[in-house]
There are 2 protein chains.
Amino acid sequence: MGYRILETHDIPAYLGERGHWDDLTDIRVREVSDGNMNRVFLASCADGTRSLAVKQALPWVRVAGPSWPMSPDRADAEARAYRQVARVAPDKIPVVHGYDPENHALVMEDMSDLRVLRTLLDAGGAYGPHTSARIGEFVAQFSFATSDFGMPSAERKALVAESVSPELCKITEDVVLSEPYVEHEHNHWHPGLDDLAAALRADARLRTEVADLRHTFMTAAQALLHGDLHTGSVMVGTREGAPVVRVFDPEFSFVGPIGYDLGLYWANALVSEERARALGALSDHAEQLRLSWEAFEGGFRRLWPSRVDTFFDDAYLDRFLRRVWTDAVGYAGTEIVRRVIGFAHLTDLTTLPDPVPASRRALLLGRELIVRRGELTDVTAVRALVASLG
Amino acid sequence: MGYRILETHDIPAYLGERGHWDDLTDIRVREVSDGNMNRVFLASCADGTRSLAVKQALPWVRVAGPSWPMSPDRADAEARAYRQVARVAPDKIPVVHGYDPENHALVMEDMSDLRVLRTLLDAGGAYGPHTSARIGEFVAQFSFATSDFGMPSAERKALVAESVSPELCKITEDVVLSEPYVEHEHNHWHPGLDDLAAALRADARLRTEVADLRHTFMTAAQALLHGDLHTGSVMVGTREGAPVVRVFDPEFSFVGPIGYDLGLYWANALVSEERARALGALSDHAEQLRLSWEAFEGGFRRLWPSRVDTFFDDAYLDRFLRRVWTDAVGYAGTEIVRRVIGFAHLTDLTTLPDPVPASRRALLLGRELIVRRGELTDVTAVRALVASLG
């Protein structure tokens, strides 16, 4: 690949060269890689007054090693997404101090004072009143700005062209939007789900609906997406007494259907709810779909008067938002299903003392969200579906 | 722009340099530019046994001159479309002997023995049994091959990226898919249509439906399209006793909704039918929508078993084809409307002794095709609509 793979001991000189750090006698670095794909280092000075994160994409999947090659260009997609969000919602992403495309490395805000939302939820924490609303606002602001409503036609076409992401989109097309519904070596599940996994694979109606969502994923160039907006891509906490929510890791970013980002978040919220239910620890879980949708819809409607293309009228906005809703419900279903019987599972369920009952509920829910997304026209309908699960 | 604008006297040397012509003592050249945008020259030898066409994109719109600049990159789009069609339907386009991207010039088959379909129809000719069927097959073969059904995912993303065509898409987005529905200096119409033009501009439901079709045009990256498939982009004739149909001028090519190509052809067929009706000269006009749709649908279904991505099941094909149909009906409506009250009108109507009655019927038909496309679920329904016009 011809670029420098950074190790912990390289970071001080690297930050010095790139102009991010002056006093190289006062810097300590530790590796904090956590996700599947990349390496992350934290650099800080002795008194803790200054710190930075360095994230580098390797030419392979970090947890698998060089036997699973993966283009480090995904860091370009990540930097591009951060650049676009920074124009319109800088408070909802980490500060990016610089991107080094040659070495596929981002120098960013240290967020180690914040917690990953999934980790917090797994430990029994609540969302609180701000988290899902911020996520909904994030999707509204980011997607509006990079849609044909927020961006002039020619600029949009350039964004579509530069944002194609064949390798990472293929992962989603395969791992999320087809493999769980066919026999595939990637799939695995708890033996207590054998019957349901077989039933889903034999479900012709489900297959057609997933095919539809998959083709929409491949062809609906509505807006630049995060592309992997699960609760592990969100950091939460408090700074100076104020709640802080940061969306990170947008390396799966591409121009696609807006409902995909919302749907991923909803799926993860619904699964976290099943965990809490299984543990008898439900708190504010049931509110998150409503909070995030209302913030998304409200945010998009607030931006609408600023659209660059006023041929689109208010009645079309209503229709478009209904379609985003319906897509989101469907994608929420696909994300739930693949997280229970597909390649990569969720700690929300896998760390339960008995993951089977919650996983069964989740699978049934996922299937209905996909197949009945056309009838599930509002939050109340989805909540009624959750309430109806056995 | 830094490239050589070819004049008639440059063509012999140009064809010699590019290796298309050996004996430069035996070549005669004439300019036959006909469309709005480009220059076309025909070169032939004295005994007529050999001839070639040279088409060059100017850095402006030919008929307007340098005061209306237009990127000659549109020739790249044209060459790209021909290249893709040549893989799967070489019999339905002119033979391309070479493309010179530096000078935005294509060297192609001489088709001067064929007639432009619109010219033939305007003169009272019939379509004959082959023309519309070939057009339907053309759309099926071209669109299937450049869709996610016919092309592997990564190759498709590269095609989407290289095929963005901001300038020419913007023309369609403006001239076809918005201006006719608002006050715009480009619009003009016969005074006998004043009431209908005003009614269409005041029609809120129509505006929303056009906004929907417009957004689909901007975002639905289904397949590489011709982009301007009217009856002036089709040549017909006979060679060695066999019918010949050639689609040409795909400079508006981009990755968009498949229904757009079909809809444009249908609109032009329906307008030619109104011309014939006004002249009391109806022949096979009423059959063309059925012939082209059946050939398209049949062609797409024949190709389906060869799809590269077998996750897409037969039930999804049915759904997808229904959507293409519905889009095509809507785009047929937008094309009719813009050709009567928008910027560029059709000789089919303008050369009628009294263009008003046929134009009124066409406008009413266009409006209903747009607004009621969801109910007009088959050819019979569209024919019933045509029959119901006052």
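The values are calculated or read from the model by the stated rules, or taken from the named source; none is laboratory data. What you see is a predicted model; the values in this text were computed from it and never measured. Cβ coordinates were reconstructed from backbone atoms using ideal geometry, including for glycine residues, and neighbour counts include every protein chain displayed. Accessible surface areas use protein heavy atoms only, side chains included; no ligands, DNA or RNA. Shrake-Rupley method; radii C 1.70, N 1.55, O 1.52, S 1.80 Å.
Can you pull a Stokes-Einstein diffusion coefficient for region B:291-390 at 10 °C (1.306 mPa s), Rh from Kirkwood over Cα pairs, as a whole number of µm²/s? Rounded to a whole number, D works out at 103 µm²/s. As a length-normalised measure over Cα pairs under 8 Å and 6 or more apart, the relative contact order of chain A settles at 17 percent.
Divide, for region A:89-183, the radius of gyration over alpha carbons by 2.2 N^0.38 Å, where N is the residue count.
Numbers: Rg = 17.6 Å, N = 95, 2.2 N^0.38 = 12.4 Å.
This ratio for region A:89-183 stands at 1.42.
Modelled label positions at A:Val32 and B:Asp34, each set 7 Å beyond Cα in the direction of Cβ, lie 6.9 nm from each other.
Calculated on the Cα set of region B:335-390, radius of gyration then Dmax: 12.0, 35 Å. How far is it, in nm, from the label point at A:Glu294 to the one at B:Val63 when both lie 7 Å from their Cα along the line to the Cβ? Going by the 7 Å Cα→Cβ label model, 5.6 nm. In chain A, Rg over Rh equals 0.96, where Rg is the alpha-carbon radius of gyration and Rh the Kirkwood radius from pairwise Cα distances.
Backbone amide hydrogens, once placed in the peptide plane, bring B:Val244 within less than 5 Å of B:Gly237, B:Thr238, B:Arg239, excluding anything fewer than 5 places away on its chain.
Could you state the accessible area per residue of the protein assembly as shown in Å², with a 1.4 Å probe and every protein chain left in place? Each step should come with its number before you reach the end.
On the way: 29000 Å² over 780 residues.
So the protein assembly as shown comes to 37 Å² accessible per residue, rounded to a whole number.
Going from most exposed to least, what order do A:Tyr99, B:Tyr181 have by accessible area with a 1.4 Å probe?
On the way: A:Tyr99 50, B:Tyr181 5 Å².
Output order, biggest surface exposure first: A:Tyr99, B:Tyr181.
Each Lys and Arg adds +1 at its Cβ and each Asp and Glu adds -1 at its Cβ; summed about the Cα centre, region B:204-351 shows a dipole of about 240 debye.
For B:Pro191, the distances from its label point to the matching points in the remaining copies are 8.9 nm, ordered from shortest, with each point set 7 Å beyond Cα toward Cβ. Note on region A:8-109: the alpha carbon radius of gyration divided by the globular reference 2.2 N^0.38 Å gives 1.10. Taking one quarter of the surface of the C-alpha convex hull of region B:114-251 gives a mean projected area of 11.4 nm².
Apply 1/(1 + (r/R0)^6) to the Cβ-Cβ distance of A:Lys170 and B:Thr25, taking R0 = 41 Å, and write down the FRET efficiency to the nearest 0.05.
Working: r = 56 Å, r/R0 = 1.38.
Once the sixth-power term is evaluated, E becomes 0.15.
The phi torsions of region B:127-138, fed into the Karplus equation with coefficients 6.51, -1.76 and 1.60 and a -60° offset, translate into couplings of 5, x, x, 9, 4, 5, 5, 5, 5, x, 4, 4 Hz, rounded to whole numbers, with Gly and Pro shown as x.
Mind grabbing the interface size between B and A? I mean buried accessible area, both sides, 1.4 Å probe, in Å² to the nearest hundred. Don't skip to the answer; put the middle values down first.
Numbers: alone 16180 and 16220 Å², together 29000 Å².
Accessible area lost upon association: around 3400 Å².
Only helical DSSP H runs with n ≥ 4 go in: add -39500 (n - 2.57) per run for chain A, normalise by residue count and round the 222 nm mean residue ellipticity to 500 deg cm²/dmol. Intermediate results must be reported in sequence, preceding the final value.
Details: 14 runs with 180 residues, N = 390.
So the calculated ellipticity at 222 nm is -14500 deg cm²/dmol.
Listed by chain and number, the lysines placed with their C-alpha closer than 20 angstrom to that of A:Lys55 are A:Lys92; residues fewer than eight positions away on the same chain are left out.
Against the main long axis of the alpha-carbon atoms of chain B, helix B:74-88 sits at an angle near 80°.
To the nearest 20 debye, what is the magnitude of the charge dipole of the protein assembly as shown about its Cα centre, counting +1 on the Cβ of each Lys and Arg and -1 on the Cβ of each Asp and Glu? Don't skip to the end; give the middle numbers.
Values: 84 positive and 112 negative charges, 260 e Å.
The calculation lands at about 1240 debye.
What Kirkwood hydrodynamic radius, in Å, does region B:176-251 give when the mean of 1/r is taken over all pairs of distinct Cα atoms and then inverted? Show your work: numbers first, answer last.
Values: mean 1/r = 0.0635 Å⁻¹.
After inverting the pairwise mean of 1/r, the radius is 15.7 Å.
Principal-axis analysis of the Cα atoms of chain B puts helix B:204-219 at an angle of about 40° to the longest axis.
According to the Cα-based calculation, Rg over Rh for the protein assembly as shown is 1.01, with Rh computed by the Kirkwood formula.
Taking the Cα centre as origin and putting +1 on Lys and Arg beta-carbons and -1 on Asp and Glu beta-carbons, what dipole magnitude results for chain B, to the nearest 20 debye?
Values: 42 positive and 56 negative charges, 136 e Å.
The calculated dipole for chain B is roughly 660 debye.
Return one number: the angle in degrees, 0 to 90 and rounded to the nearest 10, between the long axis of the Cα atoms of helix B:355-371 and the longest principal axis of the Cα atoms of chain B. Long axis of B:355-371 versus the principal axis of chain B: about 80 degrees.
In region A:109-134, which residues have a backbone nitrogen under 14 Å from the label point lying 7 Å from A:Ala281's Cα in the Cα-to-Cβ direction? In region A:109-134, the label zone of A:Ala281 (backbone N under 14 Å from the point 7 Å along Cα→Cβ) covers A:118-127.
Each of B:Phe248, A:Gly150, B:Ala86 was placed along the dipole of the protein assembly as shown (beta-carbon charges, centred on the mean Cα), and the one lying farthest toward the positive end is A:Gly150. 3J(HN,Hα) couplings calculated from phi for region B:290-303 with the Karplus curve 6.51 cos²θ - 1.76 cosθ + 1.60 (θ = phi - 60°) are, in sequence order, 4, 4, 6, 5, 4, 5, 5, 4, x, x, 5, 5, 5, 7 Hz; Gly and Pro show x.
Label-point spacing for A:Pro305 across the identical copies (point 7 Å from Cα in the Cβ direction), in nm and ascending order: 6.0.
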